[in-house]
Amino acid sequence: MPLITYRDALNQALREELRRDPNVFLMGEEVGVYQGAYKVSKGLLQEFGERRIVDTPITEEGFTGVGIGAAMVGLRPVIEMMTWNFSLLAMDQIINGAAKMLYMSGGQFHIPIVVRGPGGAAHQLAAQHSQSIESWYAHVPGLKVVAPSTPYDAKGLLKSAIRDDDPVIFFEGETLYGSKGEVPAEDYTIPIGVADIKREGTDVTLVAWSKMVSVAMKAAETLAAEGISCEIVDPRSLRPFDDEPILASVRKTNRCVIVEEGWPYAGLGAQIAYQIQQTAFSDLDAPVTRVTGADVPMPYARNLEHMAMPSPARVVAAVREVLYLD
Amino acid sequence: MASRVVMPKLSDTMEEGRILRWIKKEGDPVETGQALAEVETDKATVEMEAYTNGIVRKLVAAEGQFVKVGEQIAVIGTADEDISGLLPAPADPAPVAAAAPRELPAVPADLAAAGRHLKASPLAMRMAAESGVDLKGLRGTGPQGRIIKRDIESALATDAPQAPSGGSAVAPQRSRSLATVTARDAAPESQDIELSPVRRTIAKRLVQSKGPIPHFYLTIDVAMDRVWEAYKALGEQKSSISINDVVIRATALALRQHPDINASFAGDHVTQFARVHIGMAVALDDGLITPVLRDADLKPLEEISAEARTLAERARARQLQPSEYSGATFSISNLGMMGIEEFSAIINPPEAAILAVGAVRQVPVAVDGQVMVGYRMKATLSVDHRVADGASGARFLQTLKRFLEQPLLMA
């Protein structure tokens, strides 16, 4: 099976969907002539032309609103946010426009829009450009929120997102773009709302998505050397959320550690922990624990940035805590 | 054209209002915009207006009554038209049970109380309840002395007696019991536990049973070897058929052959039921209930098993409809899973009998003059002597025993 990068997986998904459906188009800053701020849309302007690959001014609210309008009249826009931090300017359009239009129009207007871009921290991008805000979007009824962690998941989920008739919020990651994974050459999609077990184990359930999956994997390898077997569940979709594999895992392991890049207070980990204790209360031998980003604006200094993010060491410590070791 | 008047939403936080005073009475004419009643809302007292013209035909809500927003309070129409279709339906006598919350395994009351003072993980509490380990006697190895899974596991592994955990030097034991006595002296003498509705009903019905019904009891010891083998084999196939399911089927078939037991005393005659509906006793936290497996003699084992399981779950979730727990012609109570060897149950009127089933035990048995190991299960039949005599009950039990000892006869 071909081994390709996450970036190329997204590129393939966009290309295939642009070819498949003439209503699909890509719009955002630098997506065309520049070939994409992170080269995700490389080569697309050349193949599909200016009507399908649209470079915009720096106006997130404006071009998101244009995309929503286009969706209302039957087009299928893919709106790129250069990073999800900039989406704050477009939030009114996304939430009050895209998310609620189907409901407020009494079912008359589906908004088949995808808003995609990299979220979370990279390297020293500092406070305003390192935010993990998937929980803000997962909070909103009317949106679907997806955060693939591998090239395979990225391609399959982006295709499903583009084919979905409802707004899909798609979280990528700058430090994920270069990661490689096996991706089938033939056409495939991954349904939205289905989790994936990235690693099977018996002693503890780790829940992680996007960049945190590799953090959990590294922790799992360290723990395996100590004889502790970790099961890693990647929800892939944050809304709708597939909690059955996590509950089944907790019934097996009796303990859970959630690893998330975002801030702890009122974050997604809190929601997942609620769901676990609500349903699998009598299966828990320890409280559900989270390893999260620090509750601070992201520091610029490299050493502080490292301290502010979840790391394999912190996950290992959390696992040992829920196993009541040392 | 008559119409219903409903409680309007007079403020945006209003959920219900109270009719303080009807300004218009039945028979009064009313026009749109005229005040109909004084209503007390969450915020203030306001006058509500009529939205149609006509005669006030019926006031459905009384003065002083709380009415939810949107519910009917009156009917306005012309003087003589038929408004019977606009009157509210009579209140549902049996309110539908609210959706059952996610089921938590029932923790025995004293264990739950212990948990409030002891720190134990939910899993440890469940394991203790399921295995009978006494939480009070354990020292937890979790943070702040929390009792956790491995503490229950080691308690079960060390085979310690139920008394407080090992290291029992005499002196510490005595001081502990002194402390217990002192603590008990300070505590109230007893605790009044209010009767739950289920408990109250059980109390009433069983006095009605044990009092008037002349019970007699017959016990039979059944060789369950073949059933046990089949049950184990099915278990390996991941079937969830239980011993109790087999007992239900055997009992149902036996009742078909002994209609004199499948009966009811009716004062001046005995009613023999044409069909066999088995009530199965299901334990709840605060009592028990007997959901009914209808036509159990016609159902194959898998169907009995699935239905029994569903009924038991719904019974514990308090979701049974009255039609599901009435109409039994015979009942079965099984305490085998709780280790009871044999017991006598009280008949559920208007039935004439009840079968009390004990545990399947591996015991030494004498076969053809040799002692060997066999599986035995005791079943005690309680019979209403007004309906049947010892011989009838014994014949029924012999048939039941034959079915259970030669299971192929049930196929």
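The values are calculated or read from the model by the stated rules, or taken from the named source; none is laboratory data. Only a predicted model underlies this, so the values are computations on that prediction, with no experimental measurement involved. Using ideal geometry, Cβ is built from the backbone for each residue, glycine included, and neighbour counts are taken over all protein chains shown. SASA here: full protein model, heavy atoms, side chains in, ligands and nucleic acids out. Shrake-Rupley method; radii C 1.70, N 1.55, O 1.52, S 1.80 Å.
The table that follows gives values for the structure above.
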item	result
Candidate residues A:E321, B:E405: accessible-area rank, largest first, probe 1.4 Å	A:E321, B:E405
For the range A:32-116, projected area of the alpha-carbon convex hull averaged over all directions, nm²	5.4 nm²
Separation of the A:Y188 and B:R275 label points, Cα + 7 Å toward Cβ, nm	5.3 nm
Prolate/oblate/rounded call for the range B:196-251, Cα gyration tensor, a/c under 1.5 rounded	oblate
FRET efficiency, 1/(1 + (r/R0)^6) with R0 35 Å, evaluated for B:V373 and B:R256 via beta carbons	0.55
Chain A: calculated mean residue ellipticity at 222 nm from DSSP helix runs of at least 4, using -39500 (n - 2.57)	-10000 deg cm²/dmol
Dipole magnitude (debye, nearest 20) for the range B:190-410, charges at Cβ of Lys, Arg, Asp, Glu	180 debye
Average Cα contact separation per residue, the range B:215-350, under 8 Å, 6 or more apart, as relative contact order %	24 percent
Integer Hz, Karplus 6.51/-1.76/1.60 couplings in order for the range A:198-212, x for Gly and Pro	7, 7, 8, x, 10, 9, 7, 9, 9, 10, 8, 9, 6, 5, 6
Whole-Å distance, taken between Cα centres, linking the range B:1-77 and the range A:123-198	54 Å
Cβ crowding within 10 Å averaged over residues, with A:154-162, B:323-331 ranked highest first	A:154-162, B:323-331
For the range A:3-182, convex hull volume per residue from C-alpha positions, Å³	100 Å³
Accessible-area ranking of B:R4, B:R226, largest first, probe 1.4 Å	B:R226, B:R4
For A:307-320, mean number of other protein chain Cβ atoms within 10 Å	0
Relative contact order, percent, the range A:248-303 [alpha-carbon distance under 8 Å, six or more residues apart]	48 percent
Shielding score for B:133-145, defined as the mean number of other chain Cβ atoms within 10 Å	1
For A:E61, net neighbour charge (Lys/Arg +1, Asp/Glu -1) across residues whose Cβ lies under 15 Å away	-4
Chain A: relative contact order as a whole-number percent, Cα under 8 Å and 6+ apart	16 percent
Chain A: proportion of alpha-carbon pairs further apart than 28 angstrom, %	39 percent
Paired Rg and Dmax values of the range A:245-305, which use every Cα atom, in angstrom	13.9, 44
Dipole of the range A:3-182 [Lys/Arg +1, Asp/Glu -1 at C-beta], most positive-end residue of A:G32, A:A121, A:N11	A:N11
Where Rh is the Kirkwood radius over Cα pairs, Rg/Rh for the protein assembly as shown	1.07
Degrees, to the nearest 10: A:6-20 long Cα axis against longest axis of chain A	40 degrees
For peptides B:212-222, A:253-263, sequence by mean Cβ density within 10 Å, most packed first	A:253-263, B:212-222
Nearest-10 value in Å² for the accessible area of B:D192, using the 1.4 Å probe	150 Å²
Calculated from backbone phi, Karplus (6.51, -1.76, 1.60) coupling profile of the range B:295-307 in Hz, x at Gly/Pro	6, 4, 6, 9, 9, x, 4, 4, 5, 4, 4, 5, 5
Buried solvent-accessible surface, both chains (B, A), 1.4 Å probe, Å² to nearest 100	1100 Å²
Convex hull volume per residue in cubic angstrom - Cα atoms of the range B:190-410	150 Å³
Principal-axis tilt of helix A:60-72 within chain A, Cα atoms, nearest 10 degrees	70 degrees
Compactness relative to 2.2 N^0.38 Å, alpha carbon Rg of the range A:196-322	0.99
B:T41 - accessible surface, heavy atoms, 1.4 Å probe, Å² rounded to 10	20 Å²
Per-residue mean of C-beta atoms belonging to partner chains within 10 Å, peptide A:282-295	3
Cut-off 9 Å between beta-carbons: net charge of the residues surrounding A:R236, Lys and Arg +1, Asp and Glu -1	-4
Dipole of the protein assembly as shown, positive end: most advanced residue of A:F109, B:G393, A:G181 [Cβ charges, Cα centre]	B:G393
Solution diffusion estimate, µm²/s, Stokes-Einstein, the range B:3-86, Kirkwood Rh from C-alpha pairs, 37 °C, viscosity 0.692 mPa s	259 µm²/s
Portion, in percent, of the accessible area of the protein assembly as shown that falls on carbon or sulfur, probe 1.4 Å	55 percent
The protein assembly as shown, dipole about Cα centre (Lys/Arg Cβ +1, Asp/Glu Cβ -1), debye to the nearest 20	1500 debye
Options B:Q319, B:S242, B:S305, ranked by Cα towards positive dipole end of the range B:236-319, top entry (Cβ charges)	B:Q319
In Å², nearest 10: area of B:H269 left accessible to a 1.4 Å probe	90 Å²
